[in-house]
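Undergrad: Here it is, the structure in full.
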């Protein structure tokens, strides 16, 4: 039952290849044009959900009360010492760029951790370090 229309379609395409190719290209171009004009993707997460929902209204009020526009940069290096040095250099360079950055902090380093680093070290390691000081 279905075999006859398929055989006819294949026979038609084999007899008239160029008109079929031209029609297929024209149809593809029309479909591409339609898709480009009518389909869109929202990438702004603030406009992804309707603002009339109760939880989006609460989230919007929270974000207005506590605005955060943080950027986190992860520095990877072969050793922790190289990573710390690279992070320190990156922090220094970005801290001088007041046009693009209001504040720059080194999350796992900087002056605070240089002075108070032992406060965040495991107890066993602090004991090992202090034994070496005696």
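Undergrad: Would you mind checking the tilt of helix 54-65 against the longest principal axis of the Cα atoms of the chain, expressed as 0 to 90 degrees and rounded to 10?
TA: Result, in degrees: 40.
Undergrad: Which of the following values of Rg and Dmax of the Cα atoms in Å was calculated from the structure shown: (1) 18.7, 63; (2) 31.4, 96; (3) 17.2, 56?
TA: Label (2) holds the value from this structure.
Undergrad: Report, in deg cm²/dmol and to the nearest 500, the calculated mean residue ellipticity at 222 nm for the chain, where each DSSP H run with n ≥ 4 adds -39500 (n - 2.57) and the sum is divided by the residue count. It would help to have the intermediate numbers written out before the result.
TA: Values: 6 runs with 81 residues, N = 134.
Taking each H run of at least 4 residues, the total per residue is -19500 deg cm²/dmol.
Undergrad: If you average the sequence gap of Cα pairs under 8 Å that are 6 or more apart and divide by the length of the chain, what percent do you get for the contact order? Spell out each step's value before the answer.
TA: Numbers: 24 pairs, mean separation 11.3, N = 134.
Taking the mean separation of contacting Cα pairs over the length of the chain, I get 8 percent.
Every number here is computed from the coordinates shown, using simple stated rules; none is lab data. As the structure is a prediction and not an experimental result, all values here were calculated from the model.
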